[in-house]
Amino acid sequence: MSPLPGPVPVVLVHGLRVSGSSLHRIAAAITDRAVIAPDLPGHGKRADETFTMDGAVAAVLDAIRDVGAPAVVAGMSLGGYVAMATAGRHPGSVAGLVAMCATTQPSRLLASPFQAFGAATALLPRQAAVISKGLTRAAVGSRVAQDMEAGGLALHSIRDVVGELARFDALTELGDYPGPIEFLNGGWDQFRIHEQRFLGVSDRAELTVIPRASHLFPLIQPTTTAEMITDFALRCDAVCTA
């Protein structure tokens, strides 16, 4: 697609269980360009749908069309992998890729404990929702927990998401994207175990590690996250308008 004049827009892609509404404080802190945070299938307003990676990519593409292509696509956790798939399959629509908390290559082995949790939530959905909310509030406090609960918690979609991710080759998808990439990881994030492999996929990839930050750092530090996305988007502006 032909580059557009002015700031490229940003599409924010949410993580597992939550919805686009969970990213509202990040979106509000990006003030120099258009921002949109769609719901993925199985989440938020699309909770009745079944999550598939193809459907998730289609949702992001719809959002890019709504806000104007090409766009910076910035995804957190599950959203990071969806952003990679979108960039790899539709590079002309993605001005730049920001993958937050998503530098572990998915595999069936790593997915197995999450599959067990997904099965448990499907068997006892009400009890799982109570436990999930309680654990989240204990871990991150009420304000971040409220952000995560905005739009509802899609515990019923965990099994579908994990099944899709177990088959997802993130490194290959990344290898098909020629544009700029920024990886943002918390220093204490358990999902950064393959970050050097991800960084090595492209000579246009960069990595920033936020010290003493957890897997949920984008929600815990939304202003800092917005500043990093904005800085990356500004670099993409220069490329798109050159």
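The values are calculated or read from the model by the stated rules, or taken from the named source; none is laboratory data. Bear in mind the structure is a predicted one, so any value in this text is a computation, not a measurement. Cβ sites come from the backbone with ideal geometry, for glycine too, and all protein chains shown count toward neighbours.
Brief remarks follow.
- Residues that are closer than 22 Å to P106 by Cβ, buried (at least 19 other Cβ atoms within 10 Å of the Cβ) and in contact with a helix residue (DSSP H, G or I) (Cβ under 7 Å, 6 or more places away or on another chain) within the stretch 40-72 comprise L40, P41, G42, H43, F51, M53, A56, V57, V60, L61, listed in sequence order.
- Close pairs from the stretch 160-179: first more than 13 Å from A56 (Cβ to Cβ) and β-branched (V, I, T), partner assigned to a helix (DSSP H, G or I) and at pLDDT below 95, Cβ under 6 Å, at least 6 apart: V162/A111; V162/F114; V162/Q115; V162/G118
- Boolean, D54 is modelled with pLDDT of 95 or more, in a loop (DSSP other than H, G, I, E, B) and charged (D, E, K, R): no
- Test: residue in the stretch 89-103 that is within 25 Å of T225 (Cβ to Cβ), in contact with a Ser or Thr (Cβ under 9 Å, 6 or more places away or on another chain), surrounded by fewer than 20 Cβ atoms within 10 Å (Cβ to Cβ) and modelled with pLDDT of 90 or more: yes
- Some residue of the stretch 108-115 being at pLDDT 65 or above, under 19 Å from the mean Cα position of the chain (by Cα), surrounded by fewer than 24 Cβ atoms within 10 Å (Cβ to Cβ) and under 26 Å from T172 (Cα atoms): no
- Note on the stretch 163-180: among residues that are part of a loop (DSSP other than H, G, I, E, B) and not small (G, A, S), the one that is farthest from S93 (Cα to Cα) is R167.
- Flag if L23 is in a loop (DSSP other than H, G, I, E, B) and among the aliphatic types (A, V, I, L, M): no
- Selected residue (criterion: modelled with the highest pLDDT) from residues of the stretch 215-242 that are assigned to a loop (DSSP other than H, G, I, E, B) and buried (at least 18 other Cβ atoms within 10 Å of the Cβ): Q221
- Qualifying residue in the stretch 181-203 (condition: more than 16 Å from the chain's Cα centre (by Cα), of a type in the set (D, E, K, R) and either in a helix (DSSP H, G or I) or farther than 23 Å from D54 by Cα (or both)): yes
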